[in-house]
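The values are calculated or read from the model by the stated rules, or taken from the named source; none is laboratory data. Just so it is clear, the structure is predicted and the values come from calculations on it, not from any experiment. Cβ placement follows ideal geometry from the backbone for every residue including glycine, while neighbour counts extend to all protein chains displayed.
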Amino acid sequence: MPNWTSSPGTPPKSNAITDVACPFCGLVCDDLELAKDETGLRVTKNGCDKAVAGFERKVDGAKPQVDGHDVDLATAIQAATDLIRQSSLPLYGGLGTDVDGIRAVLALADKSGGVVDHALSEAQYRNFRVLQTRGWITTTLTEARNRADIFIILASDVHKLHPRFFERIVNVEQSLFSDTPAKRTIVFVGKGLDQSGAKGPRIGEVITLPCELDRIGEVAAALAAEIRGAPLAVETVAGVPLADVKALAERCQKAAYPVFVWAPPSLDFPNADLIVSTISDLVKDLNVKGRAAGLSLGGNEGGISAGAVGSWQSGFPLRVSFASGKPDYDFLRYAIPRMLGAGEGDLLVWLASFSPDLGPPATKLPTIVLGTPGLKLAGTPKVFIPIGTPGADHAGRIIRVDNVVSLPLRNLGRSDLPKAADILGAIELAL
Ligand code: SF4
């Protein structure tokens, strides 16, 4: 058996568990209450549907497997080690894990000469490319909660991705500066966005600029032009009257602290990084005379932790190859979906500890899966090792979507499934 290197954390003794941090989306709300009995965990307060699905899922009974047959854990670890040792270019994908898990993946990729890429990197790179080339002014969840007087939500279904965003950040009764803070304006830019969260005592006007979502760039560019004092000579932009864009520009200029919100996974169309760039530039322009900020959401499945740990360990966020013996960064070349499509790599190692939906892509490559029980699989992997979810089955740490806070996740004692970091560490030791 491997020599486990870290403690899974001590499960709570009481049946009622308070101040629980939720790892099931990038917000990492830390005020949940759960109850635990012989049937498992139950979310009793402050949980959204995602949290209930995540915490209350049954994960007992899953066994390590090699070629679809149950084996003991040591045998599965040895089989995974052998496959990695024989591989010339292992691809480490998925990466749905916490800080410890990512550190362990990077160490293993370094030792085995592999490539690392998170399953949701494509969305994250809509931000990274702007951050790397132009820079931006962004805010934190706490700043937005306390200071924003207008939220401009850009083509992003925030309520679906982060069901408590409006409750925790927008519709809060008090702010740091007032017990009776003013109402806030919410502007939805884009057709068909779920606006059901935008209600409550702090919500004032709710305005919609109904453009098609994939034409958000045109509206953002027109808004940027208005703010810069170079208005367009047209009557409509992407179906939105220019007068409405102009009115929004004036609101933003008069506001004390407008916050522009987008979620990179929602901007799922070509060249969406240009939209992030336009928004970032107009925020910079507003800061010449006043104050404004961007707020990027997303970051589910441990994506923010993966990017942050990748940056501090290797100097680059993700899509890094260690094949040459040093970190080699190329966000196009080392995109695992592209590499799989081009027949590159000879082994896929997939890690998914939060959601059963983050299954590995269909591939002819032999695959090692370290996954939460019930993970959706396209075929039978060579090796499957069930792992725990940080914050439910073992303790851990995860970085919140605004990149400024890393939150401790507790062992709630849901199961005794092992930590991904321990399995990866055992493989690295054996390699
Ligand atoms: S909004 Fe996200 S972090 Fe908050 S309870 Fe729901 S899934 Fe968990």
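Points to keep in mind about this one:
- The range 33-57: number of residues that are among the basic types (Lys, Arg), more than 13 Å from the ligand (Cβ to nearest atom) and without any contact (Cβ under 8 Å) to a residue 60 or more places away in the chain: 1
- Residue match in the range 72-93 (condition: more than 16 Å from the ligand (Cβ to nearest atom) and within 18 Å of the chain's Cα centre (by Cα)): yes
- Subset tally (residues that are of a type in the set (Phe, Trp, Tyr) and either crowded, with 22+ Cβ neighbours inside 10 Å or within 20 Å of Phe188 (Cα to Cα) (or both)) for the range 127-159: 1
This table checks each residue for (1) modelled with pLDDT under 95; (2) buried (at least 24 other Cβ atoms within 10 Å of the Cβ).
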| residue | (1), (2) |
| --- | --- |
| Leu318 | yes, yes |
| Asp328 | no, no |
| Leu340 | no, no |
| Glu344 | no, no |
| Val349 | no, yes |
| Pro373 | no, no |
| Gly379 | yes, no |
| Ile385 | no, yes |
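- The single condition from (1) outside any loop (DSSP other than H, G, I, E, B); (2) crowded, with 22+ Cβ neighbours inside 10 Å; (3) within 9 Å of the ligand (Cβ to nearest atom) that Cys22 fails is (1).
- Residue count for the range 204-233, restricted to those that are within 27 Å of the chain's Cα centre (by Cα) and among the small types (Gly, Ala, Ser): 3
- Some residue of the range 388-403 being surrounded by 15 or more Cβ atoms within 10 Å (Cβ to Cβ), among the polar types (S, T, N, Q), out of contact with any Ser or Thr (no Cβ under 7 Å at 6 or more places or on another chain) and at pLDDT below 95: yes
- Residues of the range 246-290 that turn out to be touching a Pro at 6+ places or on another chain (Cβ under 6 Å) and polar (S, T, N, Q), as a count: 0
- Selection within the range 416-431 - surrounded by 22 or more Cβ atoms within 10 Å (Cβ to Cβ) and more than 16 Å from Thr97 (Cα to Cα): Ala426, Ile427
- Residue in the range 241-263 that is farther than 29 Å from Asn146 by Cβ, modelled with pLDDT of 95 or more, outside any helix (DSSP H, G or I) and not hydrophobic (A, V, I, L, M, F, W, C) present: yes
- Some residue of the range 167-174 being more than 16 Å from the ligand (Cβ to nearest atom), surrounded by fewer than 18 Cβ atoms within 10 Å (Cβ to Cβ) and free of Cβ contacts under 8 Å to residues at least 40 places away in the same chain: yes
- Any chance Gly388 is of a type in the set (Gly, Ala, Ser), closer than 20 Å to Ala74 by Cα and in a helix (DSSP H, G or I): no
- Whichever residue in the range 109-118 is buried (at least 24 other Cβ atoms within 10 Å of the Cβ) and in contact with a helix residue (DSSP H, G or I) (Cβ under 8 Å, 6 or more places away or on another chain) and, among such residues, is nearest to Thr389 (Cα to Cα): His118
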